[in-house]
Amino acid sequence: MKRLFDLVIALLILFATAPIMIIIAVCIRQQGGAPVFYIAERMKKPDQPFNLIKFRTMSNVAASQNAGVTGGDKSERITPIGRTLRKYRLDELPQLFNVLRGDMSFVGPRPPLRQYTNAYPVLYGKVLQSRPGITGLATLHFHRHEEMLISKATTPQETEIIYTTRCIPRKATLDLIYTQHASVCFDVAIMWQTFRSVLGR
C-alpha cells in the first residue's frame, strides 16, 4: 500500500509541478549555467547507494569541497535562487523521480551520506529499515533546528562535529519512532504537516 501510494502521489505531483520545474531549471541555467541538477550519492541501505537528484543550489566547485553536510562554512556558495529554492524546499522536487524509481518514499528518514553509514553501521542499520524519504518525522520536527545548529559552523571540521554529535542522534531517535508507527495514514499526516510548515515560511 505504501509503495502504491508513493507512485500515485508522485505522478500526480509531477504532473502538477512540471511547469514549475521547467521554470526553475531555466532560471538556474540563466543565473549560474550548467548543470541544472545536483546528483549526489546517498544510501538507501547501509550497503546500497543511489543517486539522489536535486536542483543545484550552490556554485560549482571541486567534488572535495562538496563533502559532508552543508553548514555555515558553505553558506557563501549558495546562489541567490538557491536560497529561495532551499527556503521553500523546491530544490527537492526532482526527488519525485527518485520516488518513482523506488530509491525513496515520500516519508521516511532522510538518506544519509556513505561516510555516516560507515561510521555508524548499527544505528543506520536500524534507521534504514524504512525506505528513505523526502520528508519524515525527523525532517518535520528537527530540520529547522538542524539548520540553525550547523549554520553557526565556520569550518568543515566544526560542521562535522556539530552534525555527528548533536544532529545524528536526535534525528535517529525520531526516525526510529516513525519506523515503529509507520502507516499510510501516518505518512499522510506527516506530508500534510510538512506542506503547512513550508507554506508557513
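The values are calculated or read from the model by the stated rules, or taken from the named source; none is laboratory data. Remember, it's a predicted structure, so these values are computed and weren't measured experimentally. Note: ideal-geometry Cβ built from the backbone for every residue, glycine included; neighbour counts use all protein chains shown. Heads up: the accessible areas ignore ligands, DNA and RNA and are worked out on the full protein's heavy atoms, side chains in. Shrake-Rupley method; radii C 1.70, N 1.55, O 1.52, S 1.80 Å.
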Legend entry - Of all residues in the stretch 131-156 being surrounded by 21 or more Cβ atoms within 10 Å (Cβ to Cβ) and of a type in the set (Ser, Thr, Tyr), the one that is nearest to Ile168 (Cα to Cα): Thr139
Legend entry - Residue under evaluation Leu128, criteria (1) loosely packed, with under 15 Cβ neighbours inside 10 Å; (2) among the hydrophobic types (A, V, I, L, M, F, W, C); (3) more than 28 Å from Leu199 (Cα to Cα), criterion not met: (1)
Legend entry - Neighbours by Cβ (under 9 Å, 6+ apart or cross-chain): first from the stretch 123-148, under 14 Å from Tyr178 (Cβ atoms) and of a type in the set (Lys, Arg); second assigned to a loop (DSSP other than H, G, I, E, B) and open to solvent by less than 20 Å² (accessible area, probe 1.4 Å): Arg131/Gly102; Arg131/Asp103; Arg131/Met104; Arg131/Gly108; Arg131/Pro109
Inset, instruction - Kindly indicate whether Val188 is β-branched (Val, Ile, Thr) and out of contact with any helix residue (DSSP H, G or I) (no Cβ under 8 Å at 6 or more places or on another chain). - result: yes
Inset, instruction - Return the pairs, sorted by first residue and then second, in which the second residue is open to solvent by 30 Å² or more (accessible area, probe 1.4 Å) and not small (Gly, Ala, Ser), the first residue lies in the stretch 67-84 and is over 16 Å from Ile150 (Cα atoms), the beta carbons are less than 8 Å apart, and the residues are 6+ apart or on different chains. - result: Thr79/Gln31; Pro80/Gln31; Ile81/Cys27; Ile81/Gln31; Thr84/Leu90
Legend entry - Residue in the stretch 142-175 that is farthest from Tyr116 (Cα to Cα), counting only those that are among the basic types (Lys, Arg) and in a helix (DSSP H, G or I): Arg144
Inset, instruction - Tell me which residues, restricted to the stretch 177-201, are under 19 Å from the mean Cα position of the chain (by Cα), more than 21 Å from Lys87 (Cα to Cα) and open to solvent by less than 50 Å² (accessible area, probe 1.4 Å). - result: Tyr178, Thr179, Asp187, Ala189
Legend entry - helices (runs of 4 or more DSSP H) (entirely within the stretch 1-110) containing at least 2 residues that are exposed (fewer than 14 other Cβ atoms within 10 Å of the Cβ) and of a type in the set (D, E, K, R): 2-32, 80-87
Legend entry - Filter result (of a type in the set (A, V, I, L, M) and touching a residue at least 40 places away in the same chain (Cβ under 8 Å)) within the stretch 149-168: Ile150, Ala153, Ile162, Ile168
Inset, instruction - Give me the pairs, please: first residue somewhere in the stretch 1-28 and in contact (Cβ under 8 Å) with a residue 60 or more places away in the chain, second residue anywhere and surrounded by fewer than 16 Cβ atoms within 10 Å (Cβ to Cβ), beta-carbon distance under 7 Å, and either six or more positions apart or on two chains. - result: Met1/Val184; Lys2/Val184; Phe5/Val184; Leu7/Leu100; Ala10/Leu100
